[in-house]
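Student: Submitted below is the structure of interest, expressed as structure tokens.
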Amino acid sequence: MAEKFDCIIVGAGPAGLTAALALARAGVEVLVLERGEYPGSKNMFGGVLYSKGLHELIPDFWDEAPVERPVARWGVSFLDQVSAMSLDFKSEQFCTAPYNAFTVLRSKFDRWYAGKVEGAGAVLLTDTTVVDFLREGGRVVGVQTNRPDGELRADVVIAADGINSLLCRKGGSGLDLSADEVSLGVKEIIALPREAINKAFALNGDEGAAYTYVGSATKGIPGGGFIYTNQDSLSIGVVTKLSSLSGQDQRPEELLEAFKRHPLIWPLVKEGELREYAAHLIPEGGGGRRAPLFADGVLAVGDAAGFTLSTGLRVEGVNYSIMSGLAAAEAVKGARLLGDYTRRGLSAYPQALKKHGVLADLEKFKRTPHFFKTSRLYQEYPALACELGHALFGVEPGPKKGMFTIFKEQLKGRVAWPQLLTDAFAGWRGLS
Amino acid sequence: MSVNDKLLKTRFVVDSGNPHISVDTSLCDSCQDSACLVVCPGRCFEREQERLAFSWENCVECGSCRVVCSRKAVSWGYPRGGFGVCFRYG
């Protein structure tokens, strides 16, 4: 294969496919390489896609895309061993166009998205693993695949090959990322009849729910548990900070099993049947990452560039992938006009990332990943919240205590006042 | 339910005889933290008679072993195109 393309995109996930869609629509000859049997076959996430970004690219995409359910109900809970203190929000407004977010299964969704990209004129080649860049005179001029005669040339390459990006890790690419600030997500797909899901989660018709849990969900290890409702299955999983997990005697699938068996979770899943077990890493660097995003003849997008944001209430990855793909496409179009694909020609990329909100958000929430390192968030505070619940809602013999007295009593021995105030301040700054 | 039982539900296209990850287990004998034993969600790392044993058939390609190995004993790569884990739900 000695064919040359204008642009080669490595990885048919949301970041790569978005770049491909935007470029193909602009008449750029695009080749998308995917190592899986089909796009989505290597991809997994928790379960929620925020609509906004994709709606701008493919208006009313929900009419044709294989989305599962619009998320009507959002819940965040502090969990101890027997109880949960929750924030529960439900809105019918989230169930009408333009929808806020959908639960999604990536193996179906990414495959559909790739079809749209092919429809726009891009070429998709599956079953093809890219092992390295082709370089000439220090700049990237294509990729080396592990097919026979597998050299493919292009003016510019977009590395959209995910969190473990082999390309960005290749020495000399200029993009040597150290996205080792990562979390591990393990997840099960549990099949349940649609009506059973609606009953268990108090949902009507197509409405979906997205619940996250902090505390006992991970046995106090930094991270959390989640349950998302699909059409006729649940996505249930736990996410733990990898560096914290590695020092424990709890294995990830054991944590997930324990989360499922929690007395408040078990009734939701016990009738279900396991359909798939999967795991994936999640970049957690946030705005703290300082690795270059582009070099001569190459740009990094999506997870490969470390673009995800978790603020506790919202966890966004795919959205930033889509926006970064869009920004990369704009930078490539700019370079094409100049006929210059070096760093200089691609230098509009950071500005485009800012314009699409990727870098701006990561900058705004740069303290957030630091806040989430506080072990008290996973141990003392869930316990405190649940004990407060017991004290507030329980009736004990003797005279009634005031709310502040209850709070003071529960705080005692758990967290010192100055620490509480510092954490509250850090939390406020980190999350707002 | 063991990981092996769980993984029976996940589709794999095994590239027989072509491991995409190799582990230089000679570096593992003196390793204290053995983080790979804990974190691997496919339980591909086991200790057998004081020695580390690695099998790649259950690998879900997450990359955790690559990140946690402090000895740089893990040579991590992707399977050949079309092989390896193949999620049907994802």
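Student: I want the local charge near A:V332. Using Cβ-Cβ distances under 12 Å, sum +1 for each Lys or Arg and -1 for each Asp or Glu among the other residues.
Tutor: Counting the neighbours of A:V332, the net charge comes to -3.
Student: Give me the inter-chain shielding for B:36-43: mean count of other chain Cβ atoms within 10 Å, whole number please.
Tutor: 6
Student: When you look at the Cβ of every residue in A:272-283, what mean number of other chain Cβ atoms sits within 10 Å?
Tutor: 6
Student: Also, I was wondering about something else. Within the set of other residues whose C-beta is less than 12 Å from the C-beta of A:A391, count the net charge using Lys and Arg as +1 and Asp and Glu as -1.
Tutor: For residues surrounding A:A391, the net value is 0.
Student: Only Cα pairs within less than 10 Å get springs; with that Gaussian network setup on chain A, which residue of A:K355, A:K366, A:K260 has the largest fluctuation?
Tutor: Top of the fluctuation ranking is A:K355.
Student: Just the Cα atoms of chain A: what Rg and Dmax do they give in Å?
Tutor: Cα radius of gyration and Dmax of chain A are 23.1, 85 Å respectively.
Student: DSSP beta bridges in chain A, what fraction antiparallel, as a percent rounded to 5?
Tutor: 70 percent
Student: With θ taken as phi - 60° and the coefficients 6.51, -1.76 and 1.60, list the Karplus ³J(HN,Hα) couplings across the stretch A:156-167 in order, rounded to whole Hz; mark glycine and proline as x.
Tutor: Using θ = phi - 60°, the values come out as 8, 10, 10, 7, 10, 9, x, 4, 8, 2, 5, 5 Hz.
Student: Using only DSSP helix segments of four residues or longer, with each worth -39500 (n - 2.57), what per-residue ellipticity at 222 nm results for chain A after dividing by its residue count and rounding to 500?
Tutor: Estimated from H runs of four or more residues: -9000 deg cm²/dmol.
Student: How much solvent-accessible surface does A:R139 expose, in Å² to the nearest 10, with a 1.4 Å probe and all protein chains in place?
Tutor: 60 Å²
Student: Right, here's the next one. When we measure straight from the Cα of A:K170, which lysines land under 18 angstrom away, once same-chain ones fewer than 8 places off are left out?
Tutor: In chain and number order, the partners are B:K72.
Student: Along the charge dipole of the stretch B:12-80, pointing to its positive end and built from +1/-1 on Cβ of Lys, Arg, Asp and Glu, which listed residue (B:W56, B:W76, B:S22) has its Cα farthest out?
Tutor: The residue sitting farthest along the positive end of the dipole is B:W76.
Student: Then there is this: Karplus couplings for the stretch A:406-417 from phi (6.51 cos²θ - 1.76 cosθ + 1.60, θ = phi - 60°), rounded to Hz, Gly and Pro as x?
Tutor: My calculation for the stretch A:406-417 gives 4, 4, 4, 4, 5, 6, 4, x, 9, 9, 6, 3 Hz in order.
Student: Please find the FRET efficiency linking A:L392 to A:E64, where r is the Cβ-Cβ separation and R0 is fixed at 51 Å, and quote it to the nearest 0.05.
Tutor: The pair A:L392/A:E64 has a calculated efficiency of 0.60.
Student: Amide H of A:V141 versus every other amide H placed in the peptide plane: which residues, excluding those fewer than 5 positions away on the same chain, fall under 5 Å?
Tutor: Sorted by chain and number, the residues that satisfy this are A:L134, A:R135, A:E136.
Student: Which cross-chain or sequence-distant (5 or more) residues have an amide H under 5 Å from the amide H of A:K42, H modelled 1.01 Å from N in plane?
Tutor: Here the answer is B:F87, since their amide H atoms fall under 5 Å of that of A:K42.
Student: Here is a follow-up. Among the aspartates and glutamates, select those whose C-alpha is under 16 Å from the C-alpha of A:K408, and discard any that sit fewer than 8 residues away in the same chain.
Tutor: A:E380, A:E387
Student: Would you calculate the separation in nanometres between label points at B:M1 and A:D132, each defined as 7 Å from the Cα along the Cα-to-beta-carbon direction?
Tutor: Using points 7 Å along Cα→Cβ, the separation is 4.2 nm.
Student: Can you send over the carbon and sulfur percentage of the accessible area for the protein assembly as shown, probe radius 1.4 Å, protein chains only?
Tutor: 52 percent
Student: Another one. Enter the mean number of other protein chain beta carbons within 10 Å of the beta carbon of each residue in B:7-13, as an integer.
Tutor: Taking the mean over all residues of the peptide, I get 4.
Student: Determine the distance separating the Cα centre of the stretch B:26-50 from the Cα centre of the stretch A:142-158; give it in Å without decimals.
Tutor: First find each Cα centre; the distance between them is then 36 Å.
Student: Can you give me the C-alpha center-to-center distance between the stretch A:385-427 and the stretch B:1-25, rounded to a whole angstrom?
Tutor: The stretch A:385-427 and the stretch B:1-25 have Cα centres separated by 48 Å.
Student: Excluding same-chain residues fewer than 8 positions from B:K9, which lysines have a Cα within less than 27 Å of its Cα?
Tutor: Reachable lysines: A:K42, A:K108, A:K187, A:K199, A:K219, A:K241, A:K260, A:K270.
Student: Taking the full set of protein chains and a 1.4 angstrom probe, give the accessible area of A:S244 in square angstrom, rounded to the nearest 10.
Tutor: Near enough 30 Å² of accessible area.
Student: Work out from phi, with θ = phi - 60° and the Karplus expression 6.51 cos²θ - 1.76 cosθ + 1.60, the ³J(HN,Hα) of each residue of the stretch A:109-126, listed in order in whole Hz, and give x for Gly and Pro.
Tutor: 5, 5, 5, 5, 4, 4, x, 5, 5, 5, x, 7, x, 6, 9, 10, 10, 8
Student: For chain A, what is the accessible area per residue in Å², given a 1.4 Å probe and the full set of protein chains?
Tutor: Per-residue value: 41 Å².
Student: Among A:V71, A:V298, A:V123, which one shows the highest mean-square fluctuation when chain A is modelled as a Gaussian network with alpha-carbon springs under 10 Å?
Tutor: A:V123
Student: Using a Gaussian network model on chain B with a 10 Å cutoff between Cα atoms, which of B:C28, B:C40, B:C62 fluctuates the most?
Tutor: In the Gaussian network model the winner is B:C62.
Student: Suppose every Lys and Arg Cβ carries +1 and every Asp and Glu Cβ carries -1, with no other charges. What dipole size does chain A come out with about its Cα centre, to the nearest 20 debye?
Tutor: Rounded to the nearest 20 debye, it is 1300 debye.
Student: Which value, in debye to the nearest 20, gives the size of the charge dipole of the stretch B:12-80 about its Cα centre, when Lys and Arg are +1 and Asp and Glu are -1 at the Cβ?
Tutor: Dipole size: approximately 180 debye.
The values are calculated or read from the model by the stated rules, or taken from the named source; none is laboratory data. This structure is a prediction, so every number in the text was calculated from the model and none was measured. Reconstructed Cβ throughout: ideal geometry from the backbone, glycine too, with neighbour counts over all protein chains shown. In case anyone asks, the SASA skips ligands and DNA or RNA and just uses the protein heavy atoms, side chains included. Shrake-Rupley method; radii C 1.70, N 1.55, O 1.52, S 1.80 Å.
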